[in-house]
Structures are given as C-alpha cells and as structure tokens.
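Take a look at the structure set out below.
The values are calculated or read from the model by the stated rules, or taken from the named source; none is laboratory data. Note that this is a predicted model, so its numbers are computed, not measured. Virtual Cβ from ideal backbone geometry, glycine too; neighbours counted across all protein chains shown.
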C-alpha cells in the first residue's frame, strides 16, 4: 500500500513538472516573440496617421502632365510582402525608368519626390540585385524618385557618412526635398513602407531580419533613414571624419542637439531583409568624434565638405557619382 502511494505521488510530481515546464516554455515564446518585442520597444506612427505626417512636396524642377493626384491610401494599407527573389531577376519590359534611375508615374500626379542615396564600394553583385529590387518596389508607390549611388574609388578606409553628404548635396542641387539614405544590403519587404519624408526624420528600417525584427535600441538611427533636405541642412549634414565607421550615431547626436526627434512606422510595416557580409573593422576614434559632436558640428559637415569628383554617369538604373575622398 505504501509503495503504491509513493508511485502515485511520484507520478503526480512528474506530471506537475511537465506542466510547469510547458507553461514556462509557452511564456518564454510569448515574451521573446519578435512581433511582441518590436511593438513594445518604441512608439510609432499608426497607419491611420501616416498620411497626416507626410511632407507633401515634389522636386523644384519636377512637373507632371497627369490630371489627377496619386492616391496613397491603398499603398499604405498594403500588407503584402515582396519576395526577396525579385533581386535575382530582371526588370520588366517597359519599366519607363529614365537614365539616371529617375521614375515618376504617368497616370497620376505624385505628391512626393525622393532621392535615394546609397553609399557604396566593392559590392557589384549586391548593387545589381538592390537596384532591380528597389525599382520594382518603388514603382508601386506612385512617387517621383531618383537613385544616387555614391562610390568611393580611393584606397582610404570607407567613409559612409561623407559619401552620404556628397549624395545629399547632389540631390539637393537637383531640387529633391526628401532624402533617403540607404544601405545597399537592405531590402524593404512591405510596400506600405512609403519612401517619402515625414515631418520628423524617420528611421525606416527598425525591424530587420538579422535582429529577429526587433529594434535593438531606441537610439538606433541607421540602415535606411529619411530626412527632409531642410532638416539635413539645418544640422549641417554629417561629420566628414568617420573613415572606417558608419557615422549614424553622429547623425542621431546632431538631431538630438537641435532637439529634433525621430519617428518610425509600425514594426510590421518597417520590415527589411539584410544580406549578410563580413563585418568591417571599426576604428577606436569613433567615441572621440561623438564626444565632440556639439562642439564641432557647426564646422564639420556640409559646410566643410571637400572631395574630388572623378565622374558622374547616368546609368539606366542609377546616377553614379564616383569620388576620391
């Protein structure tokens, strides 16, 4: 009788352990689920409010013969996901993209003009896939846009921030009111992620597959970002001293110094696919530059930008700016 009682108790304790373990695993899955973490990490503009937060402005030299304005409601509420395999194919016939990578819809008058600026060096195959994918993606959004690829051709360490400054100057000279700085290894997955500027600078790539679609930290402001040309001018662009470094922390610090907040769209809309590649070495003087942003930002940026323009070529899919820093 006693042995039977012990067996029953052991069986009961075993079942209880299994139940507790099962509950623990379920709770852990809920807590660590990417969507849950992403939504709880930052505030964002809801889909209902996106249109009210967009800067409706086209390039100063742009004109359209279309009679009616483009409508963006269906685009913003498009919840489909584009397949990454688009990057492996070719553009469809009759894409109507002008030399220099410029496009505007013919059947309606766009409300937005955007310059997509890509700092670049030594990733030819990745660039080809990026351009095919981005044109297929952007053509669906009924915006006027142009893709600038700014290539550093010298042998110095890669200076992404300075290349972004150079691309911004070229785009602003062409009259673009909205700048999108974009890594060549990032592809947007949701058509609802409209490539237009909001009233505040926007971190567009807040949900990346590499980070399980979770924003790593609130002050992250890199990958794909949009900012109005006027705001970029106001903060004097970015530092030109970030050789071997990304420089996005500098951009965030400049915005913070000017009390300009950043914004985002919801995590599901802000999803991106990142291609893996060898991590570049980061130099130690990064912190020294960041510690002196407030003191140097008025002297180091767009107003101190110096470089040698090697060539500017209008390719069928992009404007290629080759520079020696």
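For residues in region 77-106 being under 24 Å from the mean Cα position of the chain (by Cα) and on the phi > 0 side of the Ramachandran plot, which is surrounded by the fewest Cβ atoms within 10 Å (Cβ to Cβ)?
100
Are any of the residues in region 49-68 under 30 Å from residue 218 (Cα atoms), assigned by TED's automatic domain parsing to the domain that holds residue 210, in a loop (DSSP other than H, G, I, E, B) and modelled with pLDDT of 95 or more?
Among the residues of region 49-68, at least one is under 30 Å from residue 218 (Cα atoms), assigned by TED's automatic domain parsing to the domain that holds residue 210, in a loop (DSSP other than H, G, I, E, B) and modelled with pLDDT of 95 or more, which makes the answer yes.
Can you tell which of 90, 107, 78, 122 is under 23 Å from residue 208 (Cβ atoms), free of Cβ contacts under 8 Å to residues at least 60 places away in the same chain and in a loop (DSSP other than H, G, I, E, B)?
122
Would it be correct to say that residue 74 is modelled with pLDDT of 95 or more and surrounded by fewer than 17 Cβ atoms within 10 Å (Cβ to Cβ)?
Criteria met by residue 74.
Could you list, in sequence order, all residues of region 52-61 that are buried (at least 16 other Cβ atoms within 10 Å of the Cβ) and either closer than 13 Å to residue 106 by Cα or more than 18 Å from the chain's Cα centre (by Cα) (or both)?
57, 58, 59
Conditions tested, residue by residue: (1) assigned by TED's automatic domain parsing to the domain that holds residue 151; (2) touching a residue at least 40 places away in the same chain (Cβ under 8 Å); (3) more than 23 Å from residue 137 (Cβ to Cβ).
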{"residue": "180", "(1), (2), (3)": "yes, yes, no"}
{"residue": "212", "(1), (2), (3)": "yes, yes, no"}
{"residue": "223", "(1), (2), (3)": "yes, yes, no"}
{"residue": "229", "(1), (2), (3)": "yes, yes, no"}
{"residue": "239", "(1), (2), (3)": "yes, yes, yes"}
{"residue": "253", "(1), (2), (3)": "yes, yes, yes"}
{"residue": "259", "(1), (2), (3)": "yes, no, yes"}
{"residue": "272", "(1), (2), (3)": "yes, yes, no"}
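Only one of (1) within 20 Å of residue 297 (Cα to Cα); (2) surrounded by fewer than 19 Cβ atoms within 10 Å (Cβ to Cβ); (3) within 16 Å of the chain's Cα centre (by Cα) is not met by residue 161, so which one is it?
(2)
Checking the structure you have, find out if any residue of region 151-162 is within 30 Å of residue 77 (Cα to Cα), in contact with a strand residue (DSSP E or B) (Cβ under 9 Å, 6 or more places away or on another chain), touching a residue at least 24 places away in the same chain (Cβ under 8 Å) and not in a helix (DSSP H, G or I).
No - not one qualifying residue is present in region 151-162.
Within the bounds of region 199-207, is there any residue that is modelled with pLDDT of 95 or more, farther than 28 Å from residue 323 by Cβ and surrounded by fewer than 24 Cβ atoms within 10 Å (Cβ to Cβ)?
Within region 199-207, one or more residues are modelled with pLDDT of 95 or more, farther than 28 Å from residue 323 by Cβ and surrounded by fewer than 24 Cβ atoms within 10 Å (Cβ to Cβ).
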